[in-house]
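Encoded as structure tokens, the structure appears first; notes follow it.
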Amino acid sequence: MSLHLAPGPEGIRSQLFHIIFESDTPGAKAFDLVLIVAILTSVAVILLGSVETYAQRYGDIFLYMEWTLTTAFSIELLVRLYCLERPTVYLKSFYGVVDLIAILPTWLVLLVPGAHALVIVRLLRVLRIFRILRMMEFVGEGQMLLEALKRSSRQILLFFSSILMVVTLFAALMYTIESDEAGFTSIPISIYWAIVSMTTVGYGDIVPVTPLGKSITVILMLLGYSIIAVPTGVFSAQVIRSIREERYSEEACPGCGLDRHEKGARYCLRCGTWLDEFSDDPREKTKEARQDVDTGE
């Protein structure tokens, strides 16, 4: 995990920590598998429960499964906190917040009195679907994607800021050119039209009628096609960078200076120089042994 979590004192707390927060033992792998199945089952119950036909026919079963899974997730969260030396560190982390969001709405049902609050409770219970975010914890590639998003956040934010300025400019132009009958009744409505047009969705609820307005629409849609790949390129570059950092070492070869070797490589890809500076080249030992044999002969 990316968090620096430390187990509690040696004993049951330390054993639980290795099972819950690690995945290199049979017990830890079994725990992860059971937890993944529980998360997927819980999300499936939420999705099927939103279908009116299934809710009427299997509502009692869904309710029983929901409370069973919520109780299990609550116990799991308490055990996680129990086996940590500093539980608040986990609670403040991304997965700790997801854990709380996933179980609190169900328990709030018991605390909200009155039928008038049922709508609010129903909305809160939808937050249980956040459990599926826990799936990212079990996928190494998910951590890599999150790291790539974090690295490219400034570039993407700058990109969207630029897009917002362009959209506002075109919206103001269309509000000035087109009439209210065409649907451009305000600048915010025109911004909605500009976003729909730039993304080439085109709902057709707001359509320019003047030749100048149509010309501006064509320019905006072509502009949308030309820039829609920018955030994808930025994100892809960061993903490639993460893959390289995970696979390749930055240590340069002392012989030729090549700095693109796979982690764990012993010899330089270009010149064959021994790369591990903390140990001797076995080829040198072999060469010395042969020289000793030749000298002895």
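Every read-out reported here was derived from the displayed coordinates using simple, explicitly stated rules and does not represent laboratory data. Keep in mind it's a predicted model, so treat the numbers as computed, not measured. Ideal geometry is used to build each Cβ from the backbone, glycine not excepted, and the neighbour counts take in all protein chains shown.
With a 10 Å radius around each residue's Cβ, average the other Cβ atoms per peptide and rank 92-104, 25-37, highest first.
Working: 92-104: 17.1, 25-37: 13.3.
The densest-packed peptide leads the list: 92-104, 25-37.
Could you sort the peptides 172-180, 202-210 by per-residue average Cβ neighbour count (10 Å cutoff), highest mean leading? Mind showing how you got there, number by number?
Numbers: 172-180: 17.0, 202-210: 13.6.
Sorting 172-180, 202-210 by mean packing, highest first, produces 172-180, 202-210.
Going from the alpha-carbon gyration tensor of segment 11-62, what semi-axes, largest first and in whole Å, does one get by taking the root of 5 times each eigenvalue?
Details: eigenvalues 243, 20, 10 Å².
Listed largest to smallest, the semi-axes of segment 11-62 are 35, 10, 7 Å.
Report, in whole Å, the centroid distance computed from the Cα atoms of segment 42-113 and segment 189-208.
40 Å
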